[in-house]
Every structure is written in structure tokens, then in C-alpha cells.
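The values are calculated or read from the model by the stated rules, or taken from the named source; none is laboratory data. Everything numeric here is computed off the predicted structure, so don't read it as measured data. When we count neighbours, we look across all protein chains shown, and the Cβ atoms used for this are built from the backbone with ideal geometry, even at glycine.
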Amino acid sequence: MTTEDPDLRSRLVAAGVQLTAEEGVQALSLREIARRAGVSHGAPRRYFPTHLSLLSAIAREGFGRLAARSAAATGATPRAHLAELARIYLDFARENPGMYELMFRHDLLESGELGLRDTSLPLFGLLVQLVSDLRPDPAVVAGALWANLHGLAQLRRWGSLQLATGTDDFEPLLRSVLDAHLGPETP
């Protein structure tokens, strides 16, 4: 592979995305990503000066996918829209556990690199915007809601949520989370 290969960067990110889906964050070594992309273990350095910058590019792909799914969220009211957005978030976490973990492992990422913040912050901004229609201090409430959703996603992934509640149905928990942060739903 030569340094003029315009597709190498995309191939490396795609290989990392696939590896994350199949084996999780712990498998994301430069050597394994390069092997899966069909290049030498030094080739990623042509486009990614550090391992962290490559991981950030892979996480950016995840945020892009989550953003695309989130754009489909709708609702007749801000609360209904927010509930749909929360379901999309929780479904994404369940369906993409490795990517979900990578996206929020800021100890592994250079969030200022490669526009990662430009991809992740608008998702939180949407949450804040929807909360602002329902509560004062929307950034604080949105942060607490996001943390609660993140906890639900992790506990669900680890099986703890199902053990504690005796069910795989997260809808009652989601309603409870929304009520706790937004107040009871009004008809």
C-alpha cells in the first residue's frame, strides 16, 4: 500500500469499526486494525499519528451512526420526542456495545481530534434543547438524564438490570427515568 492510497484512511476506520463490533474495545490494537485492513502495522501512522487518533476516528463513526438514528426521533410533544430519542440511544447501546463503550471512553480518545466533539456535542445539544421545553436548568437536567440513560444502558448490557427488575422490558424503567428528571407526564 502506498502513501497515496486515498482509501487507506477509510479502510482503517472501517476495519476498526468491524473489530469493535466483533471483539470490543480491548481488541483495538494498531497491529490488528492494520492486519484487518490488509496493510502493514506501520501503515496507520500515515493517516493517524497516534493510536488515540485512530480510536477517535472510529468513535466518530459511531457518533455519526447514532446521530443518523437520532435524527429519525420524533414526537407529538417535547417529552414524547425525548422518550423516542432515549429509546434510540438505549437501542444503539444494546445493539453496538463495543462501539458504545468506545464512544464514551474519553480515557482512550482524543476528543479534540478529528472533529469528534463536533460529532458528539450536537447529540447532547439536542437533549438539552428538548429538556429546555420542559424544565428550568436544561443543561443540568439533560446531563443528569443522560447519565441515568447511560447507567441504564450499561446495567442492561451487563445483565444487572434484568436481575434487579426481573424483566427484560426497559420501558417501565425509561418512563420512571423520564418522570424523575422531567416530572410526571401530563395528558
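Structure notes:
- From the list E101, E84, E61, the one residue that fits, being of a type in the set (D, E), closer than 27 Å to L134 by Cα and either surrounded by 15 or more Cβ atoms within 10 Å (Cβ to Cβ) or free of Cβ contacts under 8 Å to residues at least 12 places away in the same chain (or both), is E84.
- Selection from the stretch 24-51 of residues that are part of a helix (DSSP H, G or I), under 17 Å from the mean Cα position of the chain (by Cα) and over 16 Å from F92 (Cβ atoms): Q26
- Screening the stretch 108-160 for residues that are part of a loop (DSSP other than H, G, I, E, B) and among the acidic types (D, E) and picking the one that is modelled with the lowest pLDDT gives E113.
- Any pair with Cβ under 6 angstrom, 6 or more apart, that starts in the stretch 11-39 at a residue that is of a type in the set (S, T, Y) and ends at one that is in a helix (DSSP H, G or I): T20/G98; T20/M99; T20/L102
- In the stretch 66-107, the residue that is nearest to the chain's Cα centre (by Cα) out of those that are part of a helix (DSSP H, G or I) and of a type in the set (D, E) is E101.
- Criterion (over 25 Å from D107 (Cβ atoms), outside the structural domain of I88 (by TED's automatic domain parsing) and either surrounded by 13 or more Cβ atoms within 10 Å (Cβ to Cβ) or at pLDDT 95 or above (or both)) met by exactly one of V39, V17: V39
- G125 being within 23 Å of A71 (Cβ to Cβ) and out of contact with any Asp or Glu (no Cβ under 8 Å at 6 or more places or on another chain): yes
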